[in-house]
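The values are calculated or read from the model by the stated rules, or taken from the named source; none is laboratory data. Not measured: the values here are computed from a predicted model. Here the Cβ positions follow ideal geometry from the backbone for every residue, glycine too, while neighbour counts run over all protein chains shown. Side chains are part of the model used for accessible areas, which takes the heavy atoms of the whole protein and leaves out ligands, DNA and RNA. Shrake-Rupley method; radii C 1.70, N 1.55, O 1.52, S 1.80 Å.
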Amino acid sequence: MDERIAEQWEANAEVFTNLIDGTGTPHHHEILNPCVDRLLGDVSGKVLLDAGCGEGYLSRNYARKGAIVTGVDISRKLIDICKRTTAQEEINFHVGNICNLHFISDSEFDLVLCNLVLLNIACLPESLSEFSRVLRPGGILVFSVVHPAFNVYGPGSWEVGEKDPKTRRRTGQYFKVDRYFDEKEYLRYWRTRQGEKFPKQFSFYHRTISTYVNALISTGFSLVSLREPRPVSDNAFFDRERRIPFFIVFKAKKT
Ligand SMILES: C[S@@+](CC[C@H](N)C(=O)[O-])C[C@H]1O[C@@H](n2cnc3c(N)ncnc32)[C@H](O)[C@@H]1O
């Protein structure tokens, strides 16, 4: 299972890195990252694990803000890219599986950030248990996923209208929520900013919000905050995301 997922990210590593473009996509800048920033708070001097760090832009971002950062990712290619593109910041990057962080000792971290990763892995309880183990008591976990009620990489779909010539986006009028309770894997291609398919399909694991919350509780966390962030500007491109949340972000404390 993990090998199959690792292969998907290996095959897509370069195209994914181009999509992220060093600082994240417009959706990240406009919606997700400001919320994650607020939930993490002042990271200066804090020991932070970036779990599923991808090409490393969040690791670099929080290292620049004074955190002592370790980035872990299952894809060797992405970790090589992290190391190549991280010049000034001092960050420990490791190839590793967040379902089993055996190479990290207990209570090493103040903060764990797991940004847009848990929807791509099968081992939700195992990874949350590992986050709980590597956090010190009172340590904070912030994780985000694409909102499970409104995610097209799952059971729902957009009922779309015409393409708006100004924004070049389809005017999605309705999001059809269906089969919300069917927790299962979906395979989907991502597309580049130019609209080309990624080389390989990704696995997405659809889960309900209560599954995430109950998995947190059963692995020793208490929920501190649950956010459905909205766009921070009035950019017309994000009209759809002003009506229906794109992401959901959880902040939990190790009890
Ligand atoms: C959508 S990307 C998010 C990357 C980064 N957190 C960000 O926000 O840009 C998901 C990442 O999770 C990694 N990943 C998937 N399964 C993993 C696992 N079991 N252990 C560690 N990393 C994993 C992938 O290689 C990929 O880099």
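Looking at this structure, is residue 59 of a type outside the set (Lys, Arg) and away from the ligand (no atom under 13 Å from the Cβ)? Criteria not met by residue 59.
Residue count for segment 153-194 satisfying the condition of being hydrophobic (A, V, I, L, M, F, W, C), farther than 19 Å from residue 210 by Cβ and in contact with a Ser or Thr (Cβ under 8 Å, 6 or more places away or on another chain): 3.
For segment 98-115, a residue qualifies if it is open to solvent by less than 40 Å² (accessible area, probe 1.4 Å) and either more than 13 Å from the ligand (Cβ to nearest atom) or in contact with a strand residue (DSSP E or B) (Cβ under 9 Å, 6 or more places away or on another chain) (or both), and the qualifying residues are 98, 101, 104, 109, 110, 111, 112, 113, 114, 115. Checked against (1) under 20 Å from residue 254 (Cα atoms); (2) open to solvent by 10 Å² or more (accessible area, probe 1.4 Å); (3) away from the ligand (no atom under 14 Å from the Cβ); (4) outside any helix (DSSP H, G or I), residue 38 passes all but a single condition, namely (4). Could we say that residue 186 is within 27 Å of residue 13 (Cα to Cα), touching a Gly at 6+ places or on another chain (Cβ under 9 Å) and not hydrophobic (A, V, I, L, M, F, W, C) here? When the stated conditions are applied, residue 186 passes them. Quick one: in segment 120-145, which of the residues that are outside any strand (DSSP E or B) and closer than 16 Å to residue 58 by Cβ is nearest to the ligand (Cβ to nearest atom)? Here the answer is 120. The listed residues are 185, 108, and the only one of them that is touching a helix residue (DSSP H, G or I) at 6+ places or on another chain (Cβ under 7 Å) and modelled with pLDDT of 95 or more turns out to be 108.
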